[in-house]
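Working notes, structure below.
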Amino acid sequence: MRLLLIEDEADLASAVGAHLRAQGHAVDLAPDLEMARISTRMAEFDLILLDLGLPDGNGLDFLRELRQSGHRTPVLITTARDQIMERIAGLEAGADDYLLKPYDLGELVARVTAIHRRAEGLAETDRRFGALRIVPQTRAVYLEDAQVHLTRKEWAVLERLSRRADVTVSREQLEGALYAFDDEIASNALEAHISRLRAKLGRAAIETERGFGYRMGRA
């Protein structure tokens, strides 16, 4: 997934970002609301982690702006504000969940995964494409029951492709899944990852829809 982490505490943002990347996610950092607004205008995210006490405003105001403008991106509030009314206000403003600081990184990842699963309507079952089996919960991939080892970037591309069977995913969406791993994406980076995935999974595993993007094979 591509995540937007809105957090002004630099050490915390660095630690959380590193942990989420280690779990295979791409993470963009925004230390304030100004950067958060720019980020959500410029890119599409699978989930937003939102601190409330930011140097240039209240995270709840930003959340309300998002929802009023039609953004349906799932939002997980992460804050030290532990009053019940604060939690109610966050949920009423459109948050999908609320996690109190300090939090365990394992719990954070579990909540991120659960929110994403609810938002996408993903079942707990594996994703199957012929002889290919993808297990989102453990990020495991099997071909003819033999496990295939993927890099984080290869997993990010395959996970985005496999969310919906028979749906073409645009080049822009797939590059978005890669973007936050690097400041810049080489013009042929996506093709290189697709090529390596086909080498590991078989050429028929990923089909090219010329002029549109890529999709999982129908086999």
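So if we plug the beta-carbon distance of Lys200 and Val109 into 1/(1 + (r/R0)^6) with R0 = 35 Å, what FRET efficiency do we get, rounded to 0.05?
Using R0 = 35 Å, I get an efficiency of 0.90.
Counting other C-beta atoms within 10 Å, which of Ile115, Ile206 has the fewest, and how do the rest follow?
Least to most surrounded, the residues fall as Ile115, Ile206.
List, largest first, the extents of the alpha carbons of the chain along their principal axes, each in whole Å.
So the three principal-axis extents are 52, 33, 31 Å.
For a distance above 24 Å, tell me the whole-number percent of Cα pairs in the stretch 127-216 that qualify.
The share of Cα pairs beyond 24 Å in the stretch 127-216 comes to 13 percent.
Taking neighbour counts of Cβ atoms within 10 Å as a proxy for exposure, in what order, fewest first, do Arg21, Arg215 appear?
Sorted ascending by nearby Cβ count, the order is Arg21, Arg215.
Out of Gly53, Gly130, Gly70, any idea which swings most in a Gaussian network model of the chain, alpha carbons joined below 10 Å?
Judging by the Gaussian network model, the answer is Gly70.
Bear in mind that the values in this text are calculations on the coordinates, not laboratory data. Small disclaimer: the values here were computed from a predicted structure and weren't measured. Using ideal geometry, Cβ is built from the backbone for each residue, glycine included, and neighbour counts are taken over all protein chains shown.
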